[in-house]
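Student: Before I ask anything, here is the structure I am working with.
The values are calculated or read from the model by the stated rules, or taken from the named source; none is laboratory data. This structure is a prediction, so every number in the text was calculated from the model and none was measured. Here the Cβ positions follow ideal geometry from the backbone for every residue, glycine too, while neighbour counts run over all protein chains shown.
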Amino acid sequence: MISAGTTLRRIRETKPLVHQITNYVVMNETANATLAIGALPVMAHAQEEVEEMARLASSLVINIGTLSEHWVEAMLLAGGAASARGIPVVLDPVGAGATAYRTQTSRRILDVVDVTVLRGNAGEVGTLVGAEAEVRGVESMSVAGEPADLAREAGRRLRLVASVTGPVDHVSDGERVLAVVNGHPLLSAVTGTGCISTALTGCFLAAKPEAPLEAAAEALAAFGVAAEDAADGAAGPGTFHARLYDALAALDPDTLDERTRIEEL
Amino acid sequence: MISAGTTLRRIRETKPLVHQITNYVVMNETANATLAIGALPVMAHAQEEVEEMARLASSLVINIGTLSEHWVEAMLLAGGAASARGIPVVLDPVGAGATAYRTQTSRRILDVVDVTVLRGNAGEVGTLVGAEAEVRGVESMSVAGEPADLAREAGRRLRLVASVTGPVDHVSDGERVLAVVNGHPLLSAVTGTGCISTALTGCFLAAKPEAPLEAAAEALAAFGVAAEDAADGAAGPGTFHARLYDALAALDPDTLDERTRIEEL
Amino acid sequence: MISAGTTLRRIRETKPLVHQITNYVVMNETANATLAIGALPVMAHAQEEVEEMARLASSLVINIGTLSEHWVEAMLLAGGAASARGIPVVLDPVGAGATAYRTQTSRRILDVVDVTVLRGNAGEVGTLVGAEAEVRGVESMSVAGEPADLAREAGRRLRLVASVTGPVDHVSDGERVLAVVNGHPLLSAVTGTGCISTALTGCFLAAKPEAPLEAAAEALAAFGVAAEDAADGAAGPGTFHARLYDALAALDPDTLDERTRIEEL
């Protein structure tokens, strides 16, 4: 059953620990978004401790935004430890398709780790399923075909839940496809909002590990509703950004479901 | 003598350089808090330069929030250089108790460096004095005993000033215990506010190196007053966070002492 | 021809990719400023990919604020790849003069890379041309002589465009000197505003590579105008900081030239 409100209530009650190995640009932002939604973030990337930390967590978020070899090794170790315990893992393949190193690293993680949800833009996910995709830096420029089909194809081929964000988000386990219409254009004016959606996916997954397709869609919908609230009264990307955490913290489990726009295609 | 206002005035007049080797999540935040209180932050972690930089500074802040081996080596080098010159050092043992690596690294730094103030939550400080403590990620979940006793015990055993933050903060040199009641619940809704309190401790210590117990308590009280001001009118953690720097910059040395609530137990 | 408005329009129309190898403290801030002005930021520092990423970009920004050996190697690789393709490079020698490592690294980059614009404060730039300069941490404390002369001297000796920021900014190619009077004192109350001016220099240079002297001055003027707008109504450094991105995004190409104050000396 899809109910972002129910899962949000569960997050607030259980305060799951969400281990994040993410990029330098957005660490503060994803930690604050995690706190605002009601979960507990922990950032740790040393090979000496990532396995221990991953085992303590309710979900693991891996984001390759500013990858380098030591960090990739840590991601593989943490991912392996999480997989072995059945702890859900979210992967954000930032910039896959832009450089060979990012594409290869994403594939390497997908090979070794039991990734539960792959959260990326159309160019990144398209690259990983072999579609014709154009990625410029960390932006998706174009990808062949419909995003719903891309999500389904990625879910099916990679055997995970593919969460493809864009003007409309598409989440698929390879069979079902959920479209999420919530959101606001200002999200693309602030760096790291994609990474925040990945972190929030980790939070929802931690509270609803039994239903990753639904959890992934609920996370995007909840974030989209918060963005809609934050944009109301914002004077630009800077005040929008500050208000985004206010809006996440103010999300009301009792009314959230009336506002989320998740449709099964 | 305890007077946060006097020490704040001194910071604003002398603009001490505060060298910070801290974590990726909060670097921007602690630098901005340092500037807002009136001191000059400098972030440098390369082994090639940390000793030289530490010697130029009026205090050194070591924070292990996102530790790894290269960084720990740099912390030890910088700490050693500061100790040799009598430059005060603040240590924030982020997550001690959560993983063995964090506990061992904190102990290693305490062994090698002449730490002036240890600033942590009850779980972290409790771990380092062998109390039964539960730490989840970087959050303190529970610790045996009273926080005032924990601070005194830590101060006595580790021969430093222990600054244990929580709903009420307790600062002790092993004999005297100062309780600081200023603060606001929104502080726990923003990541890195513990790290900011550590950085501000470094600023106050730089301006009042002769009285670390008082300086540590004054720093927490000043930060608490700023948090009270920032919360007034904030719509949530995001706007509170932005307003926190406004409030730190607006702290008035002339009226601060009327507002700080520091009590000797 | 000097026209910040024309260059800004060009940035918004072409959305150039600006590759940034910068410091941990300001990555989020420079990425958001880059987005707000209308360009696309990408942060990548692994030796495995920096050359490939630099070749995809319209300009490269190198900032040594939290340098270490792996990062310096990546800066040299990326800078070399950019130079070989004629892609403009901006160097921010953060803290040159404060430690030997920072001075030497800045010189090493200047030797190996075809730096188009050197953007620093008077102490940093003065250090690199052998002037008597005092740098404290990352702050310029004093430097012998007039800033206009320093900029001209640096431009001439280092054979690049020197962009020396301060209360008034001076930009010179070694012959002509442009003074930029826009700006606001609150800029110095927020960490990383120097780094943001460097990133924006990269954006303007990407859109006007044929005229680096003008592009560098226009970037500083546009940022100064945004700071003036952001300060209007800000309650301190925290709200000013958030409003700065609003103001950058709201800059109007049609009216910008009326507000910029760039004078040829």
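Student: (1) within 12 Å of chain A (Cβ to nearest Cβ); (2) buried (at least 23 other Cβ atoms within 10 Å of the Cβ): which one isn't true of residue C:14, the others all being true?
Tutor: (2)
Student: In region A:120-159, how many residues are part of a loop (DSSP other than H, G, I, E, B) and surrounded by 24 or more Cβ atoms within 10 Å (Cβ to Cβ)?
Tutor: Summing the residues that are part of a loop (DSSP other than H, G, I, E, B) and surrounded by 24 or more Cβ atoms within 10 Å (Cβ to Cβ) in region A:120-159 gives 1.
Every residue, every condition in (1) modelled with pLDDT under 95; (2) under 23 Å from residue B:18 (Cα atoms); (3) aliphatic (A, V, I, L, M), yes or no:
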| position | (1), (2), (3) |
| --- | --- |
| B:198 | no, yes, no |
| B:202 | no, yes, no |
| B:212 | no, yes, no |
| B:216 | no, yes, yes |
| B:228 | no, no, no |
| B:239 | no, no, no |
| B:251 | no, yes, yes |
| B:258 | no, no, no |
| B:263 | no, no, no |
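Student: Among B:52, B:73, B:69, B:48, which is surrounded by fewer than 24 Cβ atoms within 10 Å (Cβ to Cβ), more than 29 Å from residue C:236 (Cα to Cα) and in contact with a Ser or Thr (Cβ under 7 Å, 6 or more places away or on another chain)?
Tutor: B:52
Student: Taking residue A:257 as the residue in question, decide whether it is of a type outside the set (A, V, I, L, M), closer than 24 Å to residue A:172 by Cα and either more than 14 Å from chain B (Cβ to nearest Cβ) or surrounded by 16 or more Cβ atoms within 10 Å (Cβ to Cβ) (or both).
Tutor: yes
Student: Whether any residue in region C:95-107 is buried (at least 24 other Cβ atoms within 10 Å of the Cβ) and closer than 23 Å to residue C:208 by Cα is what I want to check.
Tutor: Taking every residue of region C:95-107 in turn, none turns out to be buried (at least 24 other Cβ atoms within 10 Å of the Cβ) and closer than 23 Å to residue C:208 by Cα.
Student: Having 2 or more residues that are away from every other protein chain (no Cβ under 11 Å), touching a Cys at 6+ places or on another chain (Cβ under 8 Å) and under 21 Å from residue B:112 (Cβ atoms) is the bar; report the strands (runs of 3 or more DSSP E) wholly within region B:20-92 that clear it.
Tutor: B:59-63
Student: For region B:185-192, state whether one or more residues are in contact with a strand residue (DSSP E or B) (Cβ under 8 Å, 6 or more places away or on another chain) and within 14 Å of chain A (Cβ to nearest Cβ). Let's see the steps before the verdict.
Tutor: Initially, region B:185-192 is screened for residues in contact with a strand residue (DSSP E or B) (Cβ under 8 Å, 6 or more places away or on another chain), giving B:191.
Now narrow it down to the ones that are within 14 Å of chain A (Cβ to nearest Cβ): B:191.
Within region B:185-192 (the criterion being in contact with a strand residue (DSSP E or B) (Cβ under 8 Å, 6 or more places away or on another chain) and within 14 Å of chain A (Cβ to nearest Cβ)), the answer is yes, since at least one residue qualifies.
Student: Same structure, new question: If only one of C:251, C:186 is more than 30 Å from residue B:39 (Cα to Cα), surrounded by fewer than 24 Cβ atoms within 10 Å (Cβ to Cβ) and either acidic (Asp, Glu) or more than 16 Å from the chain's Cα centre (by Cα) (or both), which one is it?
Tutor: Answer to the check: C:251.
Student: Separate question: May I ask you to list the residues in region A:116-140 that are in contact (Cβ under 8 Å) with a residue 60 or more places away in the chain and within 14 Å of another protein chain (Cβ to nearest Cβ)?
Tutor: A:121, A:138
Student: If you check A:202, A:238, which single one turns out to be surrounded by 24 or more Cβ atoms within 10 Å (Cβ to Cβ), out of contact with any Gly (no Cβ under 7 Å at 6 or more places or on another chain) and without any contact (Cβ under 8 Å) to a residue 12 or more places away in the chain?
Tutor: Exactly one residue qualifies, and that residue is A:238.
Student: Another question, if that's okay. Failed condition for residue C:232, given (1) away from chain A (no Cβ under 13 Å); (2) of a type in the set (D, E, K, R); (3) surrounded by fewer than 24 Cβ atoms within 10 Å (Cβ to Cβ), with all others met?
Tutor: Against the list (1) away from chain A (no Cβ under 13 Å); (2) of a type in the set (D, E, K, R); (3) surrounded by fewer than 24 Cβ atoms within 10 Å (Cβ to Cβ), residue C:232 comes up short only on (1).
Student: I need the full set of residues from region B:218-265 which are more than 17 Å from residue B:188 (Cα to Cα) and in contact with a Lys or Arg (Cβ under 6 Å, 6 or more places away or on another chain), in order please.
Tutor: Passing the criteria: only B:253.
Student: Check residue B:179 against each of (1) assigned to a strand (DSSP E or B); (2) at pLDDT below 95; (3) under 17 Å from the mean Cα position of the chain (by Cα); (4) more than 18 Å from residue B:106 (Cβ to Cβ) and name the one condition it does not meet.
Tutor: For residue B:179, the failing item is (2).
Student: Within region A:161-197, which residues are of a type in the set (Val, Ile, Thr), touching a residue at least 60 places away in the same chain (Cβ under 8 Å) and farther than 20 Å from residue A:89 by Cβ?
Tutor: A:177, A:180, A:181, A:191
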